[in-house]
Structure formats: structure tokens, C-alpha cells
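Taken together, the values in this text are just the output of simple stated rules run on the coordinates, not laboratory data. Model, not experiment: these values are computed from the prediction. Here Cβ is always computed from backbone atoms with ideal geometry, including for glycine, and neighbour counts include all displayed protein chains.
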Amino acid sequence: MKLNALLKTLGFLALAATPVVAGTAPASKNPAPVQPAVNDDLGITAGLGYHTNYIWRGLNMGQHWVDGSLGGAIPLLEGTRLAWDVNYGSLAGDESTFGDDANLSFQRLQLGAALQHDLGPVTASLGYRYFRNMGTINTLGEMNDGNEFSLGLATALGPINLASSANYDISNLSWYFDIDANTNIAITDSISLVPFVNVGYGKNFDWQLSRSESNFTGWTAVTAGFRLPVKLNSRATLTPYIAVNAPLGQLDNSADAPRNTTQPVVFGGVSLNVRF
């Protein structure tokens, strides 16, 4: 009897010392509290870019454009946010396409804000943008500043992203409309190919030029090309691109517009965007 009792005791101790198989361990009576993930994203994106030509709404404004930007979005009510951006650019070599001798300095500051609201499959926006044109071009009276109100719509039709906008400049009393389409083709987990096309239409449009003969109504240009976004890490994206700008209608080699601004041109560039 004593031997049996001893064997039972030894068997119980051996079982208690045996490692527990994974997945069968009992839950801790006092589990460590789960720490919430720290969100250190400020929702701000900074950008720096270089462009062989500054093409603005179909008009070739000059060569070697360098710009920097800040932008973000502030959540408001459910489905509504306030998007904002600041952009400053300059012709690095003062190689403008304006004036009798061209090669005039040109800089532009843009301040924009827009209320955006998600309406199911469509996102609508109502915004305002201020344009401050600077440099020799402005000193010589070639350009005016701009104060523009806009209404935009964006949606997706399958893999195709579509966006359109109507813009009215209260300082220059002109309208500009555009339609943009693009699609994202994944090449790897970090590299994509984005074909895009944009077409514009102006109503009494003058590109903020002070010369009255530049006003016209009609299609402005088709701009089409490819972007190649490369995710460097979770926050930074490098995006080289190449495109062609083809003026349309009255803008096509117009004798009224500043010289060298209305010929078809192949251009490209690269931008670096970092999210904070």
C-alpha cells in the first residue's frame, strides 16, 4: 500500500513538471493591459518637385520649374473634411516664355482650401484658391493675381478615377473647366504605373494675363502621360513622370498668346512627397 501511494505521488509530480503543449496554457489571471497603437501621423504632406516645363492649364509658362508644397486635411463632421494646401514655385533659370526677349523671372504662390464631402460613390468639394504672381513678369504688368472659387466632383468607374472641376476667377472674370482621368496599375508592392489624361475648356479665359487679346473661349489643351510612384518607405514616395501637352482650338499656335507658350511640348519631372 505504501509503495502504491508512493508511485501515485511520483506520477503526479512528474505530470506537474511536464511542459504544457503550446495552445493549451491557461489564461493568466492578471493579463498585461493592451497598449493602444500610438498615432503619430499629423496628416500633413510636404512635397518638393522639379519640372522641365511649367504647364498650367495647357499654357507653357516656362522651363525648369521648381516648387515646394505643404498640404493636409482636417476632419470635421462625419464624411466632411477641410483640405488645405500651400504651394510656391519659381522658374529656376528665369526661362519664361513671356515678353519680347523671354527669359523673365516668374514665381507663383498658391494658397488653397476646400470643403470636401463624401456622398457615397461621389466626393464633392467647394473651394477657394489665391494666386500671387511675382517676378519680372508681374513687374512689367504681364500678369494679374487670381482669386478663384471652384466646385469639384470625383468618383471611380471600376479602375478608372475621374475628377472634374468648374473654376471662376473673380479677379479676372474668367471660367475654367477640366476633366481628369487616371488609373493605377500595380507593378510591385512599392511601384505603380499611373497613366493619366486631362483636358480643359475656358470661357473668357486669360490665364491671368493682363493682355486682353489673350481672352478666348474654347478647348485649351490635352495633357497626357505616365507617373511612376515609388514608395521609398511607409511615409515617403518618389514620383517621376513624363507627359505631352497638346494645345487645342484657338490656343494651338495662337498669334495672340505670348510666343513659345502654345506649341506642343514633351515634358517631365520628379517629385518627392513625405507624410508627417
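Note on GLN263 and ALA92: the model spin-label points, each 7 Å out from Cα along the C-beta direction, lie 2.2 nm apart. Computed extension length for LEU111-THR52: 18.9 nm, one decimal, from 0.36 nm per residue of separation with the Cα-Cα distance subtracted.
Can you give the FRET efficiency for ILE170 and SER234, using 1/(1 + (r/R0)^6), R0 = 30 Å, r = Cβ-Cβ distance, to the nearest 0.05? The value I calculate is 0.15. Computed from label points 7 Å out along Cα-Cβ, the spacing between ASP145 and LEU157 is 4.0 nm. Taking 0.36 nm per residue of sequence separation and removing the Cα-Cα distance, the THR188/VAL66 pair yields an extension gain of 41.0 nm. Put a dot 7 Å past the Cα of PHE276, heading toward its Cβ, do the same for ALA83, and the two dots end up 2.1 nm apart. Summing charges over all other residues whose Cβ lies under 13 Å from the Cβ of THR155, with Lys and Arg as +1 and Asp and Glu as -1, gives -2. The HN-Hα couplings worked out from phi for segment 54-65 by the Karplus form 6.51 cos²θ - 1.76 cosθ + 1.60 (θ = phi - 60°) are 9, 9, 10, 6, x, 9, 7, 7, x, 10, 6, 8 Hz, whole numbers, x standing for Gly and Pro.
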